[in-house]
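J.: One structure, as structure tokens, below. Some questions next.
The values are calculated or read from the model by the stated rules, or taken from the named source; none is laboratory data. For clarity, every value in this text was computed on a predicted model and none was experimentally measured. Ideal geometry is used to build each Cβ from the backbone, glycine not excepted, and the neighbour counts take in all protein chains shown. Remember, those area values only see protein heavy atoms, side chains included, never the ligands or the DNA or RNA. Shrake-Rupley method; radii C 1.70, N 1.55, O 1.52, S 1.80 Å.
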Amino acid sequence: MRVHVSHAAKVLAVLAAGALSLTACGGGSSTGGSSPAAGNELGLITPGTLTVCPDIPYPPFEYEEGGESTGFDMDIIREVTAGLGLETDIKDVGFDGLQSGASLAAGQCGLGASAITITEECKKNIGFSDPYYDSLQSLLVPAGSDIKSMADLSGKKVGVQQGTTGEAYARENLPKDAEILAYPSDAELFPALQSKGV
């Protein structure tokens, strides 16, 4: 699971120990901060409301259903905010802005929740809650494919989500003649797989 944490989120993470963990991250800058205003000790963007930024769609963790953001991460966030007596404002942002810390630094959100792997590089720029989900790398191929291992990807086009640990793993471990195509999100990646573009 990926979670970027500002001042407010650090406080929330402590209160919700074990809440949010993390599948991709790059460098970025952490949010600077001034002292929160009186009555807004959590440093919320909007007093009384935790503004959360996911990168939707990323099922089962965050996705739209019936016009509402839902999924594993969103359920946890809503429980935490309800327990703190806060409202939840969910703003869908691109993963690049989350993983770089730009969305937090710009004051777009107070917490990012979107499956970000906790790495030493990320820890230099982003505060994380305790991990709550172990995410493993997987190779997804169409049913009936003759691809059974990474060695079978020699000379093939392989789709990855840009800026993720999956992309880094693919670039380090796939056969040298595999062509890696990076997509901004699953919304572009899965159709490419279904259409046999990768």
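J.: For the stretch 73-118, go through all pairs of different Cα atoms, get the mean of 1/r, take its inverse, and jot down that Kirkwood value in Å.
T.: Values: mean 1/r = 0.0874 Å⁻¹.
Radius from the Kirkwood sum: 11.4 Å.
J.: What distance in nm separates the simple spin-label points at Asn173 and Lys156, each placed 7 Å from Cα in the Cβ direction?
T.: Here the answer is 1.5 nm between the modelled labels.
J.: Here's something else I'd like to know. For the stretch 68-196, build the charge dipole from Cβ charges (+1 Lys, Arg; -1 Asp, Glu) around the Cα centre, then report which of Gly101, Ile77, Ala113 sits farthest towards its positive end.
T.: The residue sitting farthest along the positive end of the dipole is Gly101.
J.: Which whole number in µm²/s is D for the stretch 99-166 by Stokes-Einstein, with the Kirkwood Rh taken over Cα pairs at 10 °C and 1.306 mPa s? Before the final figure, lay out the partial values.
T.: Details: Rh = 15.1 Å.
The diffusion coefficient I find is 105 µm²/s.
J.: How big is the accessible area of Val93 in square angstrom, nearest 10, if you roll a 1.4 angstrom probe over the protein chains?
T.: 10
J.: Hey, another quick one. Please compare each pair in Lys91/Lys157; Lys123/Lys148; Lys176/Lys196 to a cut-off of 24 Å on the Cα-Cα distance and tell me which ones are over it. Write out the running numbers ahead of the final one.
T.: Working: Lys91/Lys157 33 Å; Lys123/Lys148 35 Å; Lys176/Lys196 21 Å.
The pairs that break the limit, which is 24 Å between Cα atoms, are Lys91/Lys157; Lys123/Lys148.
J.: A further question on this structure: Any chance you could tell me what percent of the C-alpha pair distances in the stretch 51-198 go past 21 Å? The partial results should precede the final answer.
T.: On the way: 5488 of 10878 pairs.
Result: 50 percent of Cα pairs exceed 21 Å.
J.: I've got another one for you. Nearest-5 percent of antiparallel DSSP beta bridges in the stretch 31-181?
T.: Working: 5 of 14 bridges.
Approximately 35 percent, going by the DSSP bridge assignments.
J.: What translational diffusion coefficient, in µm²/s and rounded to a whole number, does the Stokes-Einstein relation yield for the stretch 34-132 at 25 °C and a viscosity of 0.890 mPa s, taking the hydrodynamic radius as the Kirkwood radius over Cα pairs?
T.: Working: Rh = 14.1 Å.
Rounded to a whole number, D works out at 174 µm²/s.
J.: For a quick check of understanding: with a 1.4 angstrom probe and all protein chains in place, what accessible area in square angstrom does Thr119 have, to the nearest ten?
T.: Roughly 40 Å² of Thr119 is accessible to a 1.4 Å probe.
J.: According to the Cα gyration tensor, what semi-axes, each the square root of 5 times an eigenvalue, does the equivalent ellipsoid of the stretch 46-92 have, listed from largest to smallest in whole Å?
T.: Values: eigenvalues 70, 24, 13 Å².
Gyration-tensor ellipsoid for the stretch 46-92: 19, 11, 8 Å.
J.: How much length is gained if the chain between Ala143 and Asp130 is pulled fully straight, taking 0.36 nm per residue apart and subtracting their Cα-Cα distance, in nm to one decimal? List each step's numbers first, then the result.
T.: On the way: separation 13, 0.36 × 13 = 4.68 nm, distance 3.58 nm.
Result for the pair: 1.1 nm of gain on full extension.
J.: So, one more: Rounded, prolate or oblate for the stretch 146-198? Axes are the square roots of the Cα gyration tensor eigenvalues, ordered a ≥ b ≥ c, and the cut-off for rounded is a/c under 1.5. Show your work: numbers first, answer last.
T.: Values: a/c = 2.12, a/b = 1.21, b/c = 1.75.
Verdict is oblate for the stretch 146-198.
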